[in-house]
Amino acid sequence: MKRVLITGAAGFLGSHLCERFLKEGMYVIAMDNLITGDLRNIEHLMPNPNFEFNHHDVTKYVHIPGDLDYILHFASPASPIDYLKIPIQTLKVGAMGTHNLLGLALAKKARFIIASTSEVYGDPLVHPQTEEYWGHVNPIGPRGCYDEAKRYQEAITMAYHRYHEVETRIVRIFNTYGPRMRLNDGRVLPAFIGQALRGEDITIFGDGSQTRAFCYVDDLVEGIYRLLLSDYSLPVNIGNPGEITIKEFAEEIIALTGTDQKVVYKDLPQDDPKQRQPDITKAKEILGWEPKVSRAEGLKITYDYFRSLPKERLYEESNHRGFESFKKEDEKI
Ligand code: UDP
């Protein structure tokens, strides 16, 4: 039985990856420090004898007894609100966390895949973004801690690949959505659906002409799985090329939720990318992958999920586990 370590396992993507690898008949070691992750995302997996959970922060030395075949490093805050609140931890999990896990991959002769991001392209001057584009990133802006952590993560991964010959894979993930996204973490989809369910105004930042392209989580997981099993070690974009403006996206959510909420316009956050769309030629050619789930289908499933949550969760603060006390402890070290 193959054994896989998944970091960030209690997060949105991590929890879906745990399910997928269990379905593939593997033994899953899930790891999370539960700062932005949530045990409620994986509690249904706890009774599975092929699943174990380790409450651990990967910026500290990672010890796993026994063999490991694959390591998936998906631990990181991933919403603009999170990395504004915990910028140092965002840098540490991308830098020190990745270093620890690459060391573990080397020691165990495990294949290693990192969750990189379209944020490595910054506010892109090339459209759609191909893997060859080096990006247009402001290292000292509010998104710098995330963007540069992810760029460093790619750099150290390539260094371990070239110097130590660790088998590595890099997936550049574009905006992804689906059940178990965290409500109230500021990302646009949970923001709009949460607002609709609470009967609040829908907040569009800027004039809503900025674009994004949204991929349903099952499609993303399929792309990651194929990339891990491939022999391709350079970065691959995985995302859905269906690009829309945020204003159009708000209209779709309003139509879906059947609410008559007002749209209000707020300031555009600094360095908010004006356009984003993956070029997925590589994924198609190398992995035979392309997204299958339409936005209409995916949004419906996601809305049904949010609607099924107990009402009080709609009002739960996104940092209900206390970023502040975590930060204080972490920064002593
Ligand atoms: N956005 C918005 N209203 C919100 C939250 C986000 O208009 O309540 C915009 C945001 O400014 C950005 C886009 O939606 O242009 C996507 O934001 P998100 O934080 O989801 O992801 P990212 O900017 O990292 O793609």
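The values are calculated or read from the model by the stated rules, or taken from the named source; none is laboratory data. Just so it is clear, the model here is predicted, and its values are computed rather than measured. Heads up, the Cβs are rebuilt from the backbone with ideal geometry, glycines too, and the neighbour counts pull from every protein chain shown. Surface areas here come from the heavy atoms of the whole protein model, side chains and all, with no ligands, DNA or RNA. Shrake-Rupley method; radii C 1.70, N 1.55, O 1.52, S 1.80 Å.
If R0 is 41 Å, the Cβ-Cβ spacing of residue 331 and residue 39 corresponds to a FRET efficiency of close to 0.95. For the chain, modelled as a GNM whose springs connect Cα atoms under 10 angstrom apart, the maximal fluctuation among 237, 50, 175 occurs at 50. Each of residue 317 and residue 106 was given a label point 7 Å from its Cα along the Cα-to-Cβ line. The distance between the two points is 4.1 nm. Straightening the chain between residue 130 and residue 158 buys 8.3 nm, computed as 0.36 nm per residue apart minus the Cα-Cα spacing. Here the Karplus curve 6.51 cos²θ - 1.76 cosθ + 1.60, taken at θ = phi - 60°, turns the phi angles of the stretch 237-244 into couplings of 6, 10, x, 9, x, x, 8, 9 Hz, with x standing for Gly and Pro.
Under 20 Å between alpha carbons, and skipping anything fewer than 8 positions from residue 109 in its own chain: which aspartates and glutamates qualify? Excluding near neighbours in sequence, the set is 67, 69, 154, 165, 167, 231.
Relative to the Cα centre, what is the charge dipole magnitude of the chain, using +1 at the beta carbon of each Lys and Arg, -1 at the beta carbon of each Asp and Glu, and rounding to the nearest 20 debye?
Numbers: 40 positive and 47 negative charges, 104 e Å.
Here the chain has a charge dipole of around 500 debye.
If the chain linking residue 84 and residue 60 were pulled fully straight, counting 0.36 nm for each residue of separation and taking away their Cα-Cα distance, it would gain 6.4 nm.
Roughly how compact is the stretch 69-219, stated as its Cα Rg over 2.2 N^0.38 Å to two decimals?
Values: Rg = 16.8 Å, N = 151, 2.2 N^0.38 = 14.8 Å.
Ratio of Rg to 2.2 N^0.38 Å for the stretch 69-219: 1.13.
Entry comment: accessible area of the chain is 43 Å² per residue, from protein heavy atoms only and a probe of 1.4 Å. In order along the stretch 174-187, the Karplus-derived 3J(HN,Hα) couplings, from 6.51 cos²θ - 1.76 cosθ + 1.60 at θ = phi - 60°, round to 8, 2, 10, 9, x, x, 6, 4, 7, 5, 6, 9, x, 5 Hz, and Gly and Pro are given as x. With all protein chains in place and a 1.4 Å probe, the accessible surface of the stretch 1-94 carries 57 percent carbon and sulfur. Find the relative contact order for the chain and round it to a whole percent, using C-alpha pairs within less than 8 Å whose residues are 6+ positions apart. Computed value for the chain: 18 percent relative contact order.
Projection of the Cα convex hull of the stretch 174-269, averaged over all directions and equal to a quarter of that hull's surface, yields 7.0 nm². For the stretch 201-333, the carbon plus sulfur part of the accessible surface works out to 51%, probe radius 1.4 Å.
A viscosity of 1.567 mPa s and a temperature of 4 °C, combined with the Kirkwood radius over C-alpha pairs in the Stokes-Einstein formula, give the stretch 31-86 a diffusion coefficient of 98 µm²/s. To put it simply, the accessible area of the stretch 113-180 at a 1.4 Å probe is 56 percent carbon and sulfur. Taking all C-alpha pairs of the chain, those more than 34 Å from each other amount to 19 percent.
May I ask you to list the chymotrypsin sites (Phe, Trp or Tyr not before Pro) in the stretch 65-139 that are in a DSSP loop and have at most 14 other Cβ atoms within 10 Å of their Cβ?
On the way: sites: 70, 74, 83, 112, 121, 133, 134; in loops: 74, 133, 134.
In loop regions of the stretch 65-139 (DSSP not H, G, I, E or B), the sparsely surrounded chymotrypsin sites (Phe, Trp or Tyr not before Pro) are 134.
Per-residue surface analysis assigns residue 64 an accessible area of about 10 Å², computed on protein heavy atoms at 1.4 Å probe radius.
How big is the antiparallel share of DSSP beta bridges in the chain, given as a percent to the nearest 5? Percentage antiparallel, nearest 5: 10. Estimated at 0.36 nm per residue, the fully extended path between residue 167 and residue 252 surpasses their Cα-Cα distance by 26.4 nm.
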